[in-house]
Structures are given as C-alpha cells and as structure tokens.
Amino acid sequence: MATVWLVPLLSLLLVCRAAPAEPLFRQILGWGGGDPAVVAPAAAEVGVTDLAVWNHDPAYLTRLAAAARPLGLKTYSCIWLGEQPAWQRYFPGVAPPLQQMNAAEEAAAVAIAAELKAGPSVYQYGGEPVRAGLEVFTDPLLCPHDPRVAELFRRQIADLLAVEGLRGIAFDYFGYRNYRTCHCPVSQAAQAAWQAQHPEVEPARAAARFALESLVGLCNALADHARRL
Ligand SMILES: [Zn+2]
C-alpha cells in the first residue's frame, strides 16, 4: 500500500547534519535528487530515513529505489501544482489551466521577480522572512479547482506508483500563488457554488473557507486515490 506525504505549500528541503547515536525521530525526510549511487549512501550516512525527489522518470526512480532499499531508505516521487510538463504530457496541445491573480498581485509578482533578478536578495518566498508589502509566489501554478487538474494528478499518481520499489507520493506546492485563492473563472464559479451550499458562512469569510476546504479536499482525494492503488 502506498504512503502519501502531505506537505504544506512552499515547504522546503529538510536537512539533517549528523546522525545522532540514538535516533531522535522515527522519520527524517530528505528532499532533492541526484545520482542514486551517491545520494542514497550519503542520505543513509546522515540518518535520513525517507527520500523524496522531484523526478518522474520511471528509469531514474527505479534506480533510486534499488539503491535506497538495501540501506533501509524509502523513496517517494514528488508532485506539485507547478506541473506544466506533466500537463503537456497528459493533455497534449491543451493550454494549462493556470491560477490567476488580481492586478495588485500580478504587480507584486513582477516586483519580486525584478528584485531577484537584480542580484543578491534576502527574499525567500513563503515568508522566510516575511516580505514587506504584498507577497505572492512568482512561478505559475495550475488551478486546483479545474477538474482536469485532479484528473492529471490521478493519472500521474497511477503511473508513478507502477514504478517498482517506489514507496509513495510526496505532495509539495499545493497552494495558491497569492496564498489566498485563485481568481480564474473556474475558481470563481466553484466558489459561488460553494457559497450557495453554505449560506451559514458569513460572506466575508466565505472566500477563505472555500479556498482552504477545496484545496484540502483535493489533497485528500488524491491521497485516497493513491492509497487505493
Ligand atoms: Zn482557478
């Protein structure tokens, strides 16, 4: 049975500097990639128990799992809402349904991109540290409310879990570019339908409730799908 890791949006690599004499944690997840013959023994040496990679190549994942398993390491392939290459693979010739932001948010994205392009910066997305002014994620992300995105991930998860030795799927970057919601027509229609079904929710809080519940619902549905495979 597959194990699914649910990781909040914009979480990053977990690093372990040295293996303690007595393990302090049951699981330590290393997030990254590289040559399996190098990565697996290096991860095991510092006490990592699980490896997640942003790689969907069955041949690579098979090699990684084969190198990791004798060392007691479990391996996961990571999926995320930035999956435009996967979108083109599963929906060739179809424009990806990307999240949309409002004008102020788009302007913030342009400003952040310019700041990063200008040279060394202390900026780190996700509030690490919190940026003065409006904060958004600069990279395009698929809209979690478009039913085709859920279909994309269901197909991708099934293909990935067919890889021999892969322990499960890791989720990353499941969230909104503006950290709030998506302003595309599909999302707005979905929110209106949700509000019609939840008249007890104050209008001022409806957008946030819908954005959270719909995103968590997608992640849980995909996790259930993975566990059934
Ligand atoms: Zn949308």
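The values are calculated or read from the model by the stated rules, or taken from the named source; none is laboratory data. Just so it is clear, the model here is predicted, and its values are computed rather than measured. Glycine also receives a Cβ, built like all others from the backbone with ideal geometry; neighbour counts cover every protein chain displayed. Just so you know, the surface numbers come from the protein's heavy atoms only, side chains and all, with ligands and any DNA or RNA stripped out. Shrake-Rupley method; radii C 1.70, N 1.55, O 1.52, S 1.80 Å.
A count restricted to the stretch 66-90 and to residues that are hydrophobic (A, V, I, L, M, F, W, C), within 13 Å of residue 150 (Cα to Cα) and assigned to a helix (DSSP H, G or I) stands at 2.
Taken residue by residue, the stretch 204-217 has at least one member that is over 14 Å from the mean Cα position of the chain (by Cα) and among the acidic types (Asp, Glu). Number of residues in the stretch 36-64 that are in a helix (DSSP H, G or I) and buried (at least 16 other Cβ atoms within 10 Å of the Cβ): the value is 10.
Scan the stretch 170-218 for residues that are over 18 Å from residue 152 (Cβ atoms), among the hydrophobic types (A, V, I, L, M, F, W, C) and crowded, with 21+ Cβ neighbours inside 10 Å and the total you get is 2. If you filter the stretch 96-121 down to residues that are assigned to a loop (DSSP other than H, G, I, E, B) and of a type in the set (Gly, Ala, Ser), you find that the one that is least open to solvent (accessible area, probe 1.4 Å) is 119.
Per the conditions (1) among the charged types (D, E, K, R); (2) within 13 Å of the ligand (Cβ to nearest atom); (3) in contact with a Phe, Trp or Tyr (Cβ under 8 Å, 6 or more places away or on another chain), the sole criterion not satisfied by residue 180 is (3).
Among the residues of the stretch 146-169, those that are open to solvent by less than 30 Å² (accessible area, probe 1.4 Å) and either outside any helix (DSSP H, G or I) or without any contact (Cβ under 8 Å) to a residue 24 or more places away in the chain (or both) comprise 146, 163, 165, 166, 168, 169.
Exactly one residue among 10, 71, 14 is more than 27 Å from residue 221 (Cα to Cα) and either under 19 Å from the mean Cα position of the chain (by Cα) or modelled with pLDDT of 95 or more (or both), and that residue is 71.
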